[in-house]
Every structure is written in structure tokens, then in C-alpha cells.
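The structure appears below as C-alpha cells.
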Amino acid sequence: MVSQLCRKAWALSVILLTACCSTAGHVITRSDDVNALEIVQAQHASEIETLKTEMAAMKAKIAAFETQTGALYTRTNPTLLPTTCANDEFQVCTGNMTENHLISVSVAFTAYTSAGNIPASPGGVIRFEHTLENTGNAYDPNSGVFTAPFDGLYMFLVSVDVDHPYSILRLEKNGHVMVYGNDDNGREHITTGGVFRLQSGDTVAMVHESSAGIIDGGHESVFFGYRLH
């Protein structure tokens, strides 16, 4: 009887021990699962924070790029300039830039004479009455005089057909000779010009130097100029 009780007690002990071990095993497994999940969550949280930081940096770079490209567009488009800027479209200006504050600083013209013969008239301005282009309206086809609307560097060129003995014409700035053009060895064509720095209000014109001969009018005799910067 005692022996049976001992055997039953031993069997019960084995069952309890097995149950305890099994329970303990499950507890350990659950603890490990929780720890692993927490680690994954922590990693994801770290990655999210990293992405947020990178996105913020990218937004800052995009904003800086937009600012730079906007400034570059303004600098490379000479048709845009606040009216508060004087003389130079690249000057830094204050205030808000709106369409109402923009003006054109593009200046360019191409003109040719009327058909027919233009007699020499020493000291007289050669009028190129017909304009193919007159951006900025700085050239007056009625007088043949160009008036600089802005300070800057300008280029002018004239090319005319002439009949002997017409030999010389000149380009004048404010009534003073800048360059001459001459019919060398009776070639019956004169071309001259140059690049000049002008102040706002300065005038430029082509003037007869010869006292005899004629200029052949029409598209063969052309005067053009434009503002470089």
C-alpha cells in the first residue's frame, strides 16, 4: 500500500514537474516574441525618423534650388526689370517684383533707306526711314537718330551702297565723330560700326562726310544697333 502511494506520489511529481517546465517554456517563448517585436518596432521608428530628416533636408534643397533658378531666370531675361532699378537690369533691387514693376530693357533696331538716290550732304544725318525691327523704340526713323534709353554697352553697324565719287560717312555720338567709313578704291560699298558705351540720353547717328556722290537707297543700305548689356 505504501509502495503504491509512493509510486503515485512520484508519478504526480513527474506530472507537476513536466507541467511547470512546459509553462515556463511558454513564458520564455512569449517573452522572446515580445522582445523581438519591440526591437523591430524600434528599428522602424528609427528608420522613420531618418526618412523625416532626409525629407526635411530635401525640401530645403528644393527651396534653395527654386530660389537660385528664379534669380537666374530674372538675370538671363533682359525683358524683366523692376522700375526701381536704374540703368542695369542685373542690379539688386528692393521691394516686391510684380508685373506692374517690370519694364523692358531690350533695345534693338534694324532700318533701311527708302529706294532711290540719296545725295551727299556734308554734316547731314542719313535717314534710314524704314524699320524692320525697333524694340524699345529708341531709334527714330523720321530723324535717323538713335537715343539711348539706358546706360550700357551698345553695338552699331552701317552698310550702304554708294556711287562714285561718294567716299566717306561717319558715325557720331552726341555730334562727335566716333568712326569713319570710306569707299576704298572705288568699291562702291561702305561698312563701318563699333561698340560704344552710352549714357541714357546719348544720341547716335550716321552722317554724310562726302560732298559729292550718292547713296543707293533701298534694302542695300542698312543701319542697325542693339544694347549688349
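Each reported figure results from applying straightforward, stated rules to the coordinates on display, with no laboratory input. Computed from a prediction, not measured in an experiment: that's the story for all the values here. Counting neighbours? That spans all protein chains shown, and the Cβs are built from the backbone with ideal geometry, glycine included.
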Between Asp183 and residues 5 or more places away or on another chain, the pairs with built amide H atoms under 5 Å apart involve Ile168
In Hz, Karplus ³J(HN,Hα) per residue of the range 144-152 (6.51, -1.76, 1.60; θ = phi - 60°; x = Gly, Pro): x, 10, 9, 10, 5, x, 9, 5, x
Integer Hz, Karplus 6.51/-1.76/1.60 couplings in order for the range 207-219, x for Gly and Pro: 10, 5, 10, 6, 9, 9, x, 9, 9, 7, x, x, 5
Within 10 Å of each residue's Cβ, count the other Cβ atoms and sort Phe65, Phe146 from fewest upward. Phe65, Phe146
In whole Hz, the Karplus estimates of ³J(HN,Hα) for the range 116-131 (6.51, -1.76, 1.60; θ = phi - 60°; x where Gly or Pro) are x, 8, 10, x, 5, 8, x, x, x, 6, 7, 8, 9, 6, 10, 9
Calculate I(q)/I(0) for the range 104-210 by the Debye formula, one identical point scatterer on each C-alpha and no solvent, and give its log10 at q = 0.24 Å⁻¹ to two decimals. -1.45
